[in-house]
Amino acid sequence: MANKDMSILVVDDFPTMRRIVRSLLKELGFTNVEEAEDGQDALNKLSSGSFDFVVSDWNMPNLDGLEMLKQIRADSTLKDLPVLMVTAEAKKENIIAAAQAGANGYVVKPFTSATLEEKLNKIFDKLGM
Amino acid sequence: MSNETPSQDLPQESSDELVQRIGQLTRMLRESMRELGLDKEIEKAAEAIPDARDRLNYVATMTEQAAERSLNAIDRAQPLQDDLSTRAEALDKRWAEWFAEPQELDEARDLVQDTRGYLADVPKRTQATNQELLEIMMAQDFQDLTGQVIKKMMDVIREIEYQLVQVLIDAVPQGKAREDLQKRATNQWQTDERRREEGLLNGPQIKPEGENIVTGQDQVDDLLDELGF
């Protein structure tokens, strides 16, 4: 079972969705959660803090989730950070692009709390977290 | 008929002439619009309208579903809460009676057992209520989805605006004023276009039957499996 104290960054430009994801994480026992409102904000927070996990939207102003993911994978200190995409983008090209860029999971909105839990656990298992 | 109010009726000949004149004007207008390319502009603007209608429809459906989902959850949670409070009140009343006039041990044992039974039941009930609260929270995800669709719709409206502005500009006599207007409209359009030309950013699918679109998490998982991720 994953360490419930792990610190998670939730990235989404819609405050409602950030609150929903945060509450779902809390429900699963993860209370160490911070929020960022776009990819750029997330990168700033990631570089100045120590995070164990990122849950990110795709379509955001300034820096979108895919660009952010690419920059995380290109950064020597962040490259191994697990990133779960939670997005409304539902085209096959999107899913393929996210996987190729190194996303650890892909949840399409609207999603259920069971789906989020399942995908999180899958990543934890795979990475031995 | 014609002999009743002859003064108000146009003579047959003159009415024919009028119809013909209107016909000619219409044809002239249509031809000059085509020459100026205005018919295409208007056509483009008109084509954007069904898309806007689809998007509005999506927003209406999503908000309705969210409201229904929340209200249903509330309908399920309220009886749970009512039951908890009714039973607590009944037990409290029995305890008050017992304290006022202590009874035989047997009767007291019943009361203690009922109270313990109730206490054991409370967490189950509150958990069920919590599930409903979670359901209400999840229903709020419509705000993100409709928000994205509304943003897309604003692009559509901008497109219509641009096409209509073009029509207006083309009606301004040639000269510096017209060139300035054209330049401003083009600049604005290019800024907007840059923002729009992002092939992977489409937001929620308003018509899931489209090509290359996954319709749910299962299909996402299948695709990723297929790709070996």
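The values are calculated or read from the model by the stated rules, or taken from the named source; none is laboratory data. Not measured: the values here are computed from a predicted model. Every residue, glycine as well, gets a Cβ built from its backbone with ideal geometry; the counts of neighbours run over all protein chains shown. For accessibility, only protein heavy atoms count, side chains too; no ligands or nucleic acids. Shrake-Rupley method; radii C 1.70, N 1.55, O 1.52, S 1.80 Å.
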Next item on the list: Only residues that are over 28 Å from B:K207 (Cα atoms), open to solvent by 20 Å² or more (accessible area, probe 1.4 Å) and not in a loop (DSSP other than H, G, I, E, B): list them for the range A:70-98, please.
Entry: A:K70, A:Q71, A:R73, A:A74
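Limited to the range B:207-216, what total is found for residues that are modelled with pLDDT of 75 or more and either in contact with a His (Cβ under 9 Å, 6 or more places away or on another chain) or over 15 Å from A:Y106 (Cα atoms) (or both)?
Qualifying residue count, the range B:207-216: 1.
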Check: Of the numbered conditions (1) open to solvent by 80 Å² or more (accessible area, probe 1.4 Å); (2) farther than 22 Å from B:D75 by Cβ; (3) over 38 Å from the mean Cα position of the chain (by Cα), B:M154 satisfies every one except a single condition; which is it?
Finding: (3)
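How many of the residues making up the range A:7-31 are assigned to a loop (DSSP other than H, G, I, E, B) and buried (at least 16 other Cβ atoms within 10 Å of the Cβ)?
Filtering the range A:7-31 down to residues assigned to a loop (DSSP other than H, G, I, E, B) leaves A:7, A:12-14, A:28-31.
Filter again for buried (at least 16 other Cβ atoms within 10 Å of the Cβ), leaving A:12-14, A:30.
Number of matching residues: 4.
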Margin query: Whether any residue in the range B:130-144 is open to solvent by 80 Å² or more (accessible area, probe 1.4 Å), without any contact (Cβ under 8 Å) to a residue 12 or more places away in the chain and more than 14 Å from chain A (Cβ to nearest Cβ) is what I want to check.
Written below: no
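Does at least one position in the range B:27-50 carry a residue that is at pLDDT 85 or above, under 47 Å from the mean Cα position of the chain (by Cα) and part of a helix (DSSP H, G or I)? Let's see the steps before the verdict.
So in the range B:27-50, the residues at pLDDT 85 or above come out as none.
No, every residue in the range B:27-50 fails to be at pLDDT 85 or above, under 47 Å from the mean Cα position of the chain (by Cα) and part of a helix (DSSP H, G or I).
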Item checked: Those residues of the range B:198-215 which are surrounded by 13 or more Cβ atoms within 10 Å (Cβ to Cβ) and touching a strand residue (DSSP E or B) at 6+ places or on another chain (Cβ under 7 Å), in sequence order -> B:N202, B:Q205, B:I213, B:V214
Next item on the list: Please find, within the range A:32-69, the residue that is farthest from the chain's Cα centre (by Cα) out of those that are of a type in the set (S, T, Y) and part of a helix (DSSP H, G or I).
Entry: A:S48
Checklist line | Search result, residues across the range B:119-129 that are open to solvent by less than 40 Å² (accessible area, probe 1.4 Å) and in contact with a Leu (Cβ under 6 Å, 6 or more places away or on another chain) | finding: B:A128, B:T129
Next item on the list: Mind listing whichever residues of the range B:43-82 are without any contact (Cβ under 8 Å) to a residue 40 or more places away in the chain, open to solvent by less than 60 Å² (accessible area, probe 1.4 Å) and among the acidic types (D, E)?
Entry: none
Check: Only one residue in A:K126, A:K119 is charged (D, E, K, R), in a helix (DSSP H, G or I) and open to solvent by less than 50 Å² (accessible area, probe 1.4 Å), so which one is that?
Finding: A:K119
Item checked: Test: A:A88 is at the interface with chain B (Cβ under 10 Å from one of its Cβ atoms), of a type in the set (G, A, S) and within 17 Å of A:I20 (Cα to Cα) -> yes
Check: Would you call B:R116 under 30 Å from B:Q140 (Cα atoms) and assigned to a helix (DSSP H, G or I)?
Finding: no
Next item on the list: Kindly provide the set of residues from the range A:91-129 that are of a type in the set (V, I, T) and within 11 Å of chain B (Cβ to nearest Cβ), ordered by number.
Entry: A:I95, A:I96, A:V107, A:V108, A:T112, A:T115
Notebook entry, point to check: Of the residues in the range A:30-56, how many are modelled with pLDDT under 95 and within 14 Å of another protein chain (Cβ to nearest Cβ)?
Noted result: 0
Item checked: Some residue of the range B:105-112 being surrounded by fewer than 12 Cβ atoms within 10 Å (Cβ to Cβ), outside any helix (DSSP H, G or I) and either modelled with pLDDT under 95 or of a type in the set (G, A, S) (or both) -> no
Next item on the list: Give B:D222, B:D170 a once-over and let me know the one that is over 21 Å from B:D51 (Cβ atoms), within 11 Å of chain A (Cβ to nearest Cβ) and over 23 Å from the mean Cα position of the chain (by Cα).
Entry: B:D222
Next item on the list: Tally the residues that are within 12 Å of chain B (Cβ to nearest Cβ) and within 11 Å of the chain's Cα centre (by Cα), restricting the search to the range A:3-17.
Entry: 1
